[in-house]
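Structure record follows, encoded as structure tokens.
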């Protein structure tokens, strides 16, 4: 009887240990920024920056000083207004697509003015910026913009911003800025 | 007050359980060594048109040609992860190596076929046709070229932080072909 009881206790301990190991959050889940969800058209406020989406549109190609850049998908361009709060900072942006995939701002927009990923946000000064993403068109509706500090520091503020409710307009011809 | 001596049967059971664990560990180790010896480390040899997994990227070499004294590999590269990859050939980047005889050519220039812009990022679900361009030595004569591909290993929970990581490069495949002329 003692042996049975000992085995039962051992089995319970192994099962409890296994359950803890399986449900223990990994570093990827445990150390994340604190993400605030922002409704369409609202101003988002994080510890070091604030931002608002002013509009969005699609471009099939980008016209750059170094030449035209085309894509297998489309270029999604978001117009933003952002500012720092207590200190100067830079920002990074990702588009969380409808499928959950994560698209960083495209490096192929190099040369365009007012790029979010190269600008500094100054405290109290609103900056008008654009974030350009290269992605398949079906990732746009149902997606959201994630604004965060570069390299996603853990426990820092980030904004998950819903885009405008109207679908983005398509500019058929590349537009020079 | 002392507890009574366990019966002979109980002692035998305990020792048998302990012995069976040791025997299982020994047998498993022995079997793993046999399995490792049975499958020699032969790299798969792929042909043009066949895909190879490089970890974050799936690459399909389509053609190998000579163009203006340069060796050009045209390929289709696809990001198979769920996020933008800024270094499609791993960190540190290890694009395919071109080997002629015993010498390895310098790192290739990689551009998009579409607009000749450098390959900076690969977006998920957007495969890109790319050209890898090696500058050849002046005295080069057409001989078969071997391309060596390496793959990054994905680990869901690494040993250091317990986070998902791409770790290290291991040889993935080779491709040997005689460069053709560009169409």
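The values are calculated or read from the model by the stated rules, or taken from the named source; none is laboratory data. Nothing here was measured: the structure is a model prediction, and the numbers come from that model. As a convention, Cβ positions derive from the backbone with ideal geometry for all residues, glycine included, and neighbour counts pool all protein chains shown.
Tabulated values for the structure
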item: Candidates A:63, A:50, filtered to the one that is in contact with a strand residue (DSSP E or B) (Cβ under 6 Å, 6 or more places away or on another chain), over 19 Å from residue B:82 (Cα atoms) and either within 14 Å of another protein chain (Cβ to nearest Cβ) or part of a strand (DSSP E or B) (or both); result: A:50
item: Some residue of the stretch B:169-177 being outside any strand (DSSP E or B), assigned by TED's automatic domain parsing to the domain that holds residue B:55 and within 19 Å of the chain's Cα centre (by Cα); result: no
item: Any hit, the stretch B:71-91, residues being surrounded by fewer than 16 Cβ atoms within 10 Å (Cβ to Cβ), outside any helix (DSSP H, G or I), on the phi > 0 side of the Ramachandran plot and away from every other protein chain (no Cβ under 14 Å); result: no
item: Residue match in the stretch A:116-131 (condition: outside any loop (DSSP other than H, G, I, E, B), within 14 Å of another protein chain (Cβ to nearest Cβ) and touching a strand residue (DSSP E or B) at 6+ places or on another chain (Cβ under 7 Å)); result: yes
item: Residue match in the stretch A:160-167 (condition: in a strand (DSSP E or B) and within 14 Å of chain B (Cβ to nearest Cβ)); result: no
item: Meets criteria (without any contact (Cβ under 8 Å) to a residue 40 or more places away in the chain, exposed (fewer than 15 other Cβ atoms within 10 Å of the Cβ) and either within 11 Å of chain A (Cβ to nearest Cβ) or farther than 23 Å from residue A:95 by Cα (or both)) for residue B:137; result: yes
item: Candidates A:76, A:10, filtered to the one that is modelled with pLDDT of 95 or more, in a helix (DSSP H, G or I) and either surrounded by 15 or more Cβ atoms within 10 Å (Cβ to Cβ) or within 14 Å of chain B (Cβ to nearest Cβ) (or both); result: A:10
item: Positions within the stretch A:98-125 being loosely packed, with under 15 Cβ neighbours inside 10 Å and over 17 Å from the mean Cα position of the chain (by Cα), in sequence order; result: A:111, A:113, A:114, A:120, A:122, A:123, A:124, A:125
item: Extreme residue, farthest from residue A:148 (Cα to Cα), among residues of the stretch A:103-115 that are without any contact (Cβ under 8 Å) to a residue 40 or more places away in the chain and within 10 Å of chain B (Cβ to nearest Cβ); result: A:107
item: Filter pass, residue A:97 being farther than 18 Å from residue A:169 by Cβ, within 12 Å of another protein chain (Cβ to nearest Cβ) and free of Cβ contacts under 8 Å to residues at least 24 places away in the same chain; result: no
item: Odd one out for residue A:25, checked against (1) in a loop (DSSP other than H, G, I, E, B); (2) within 19 Å of residue A:151 (Cα to Cα); (3) within 13 Å of chain B (Cβ to nearest Cβ); result: (2)
item: Residue tally, condition in a strand (DSSP E or B) and surrounded by 12 or more Cβ atoms within 10 Å (Cβ to Cβ), over the stretch B:27-57; result: 4
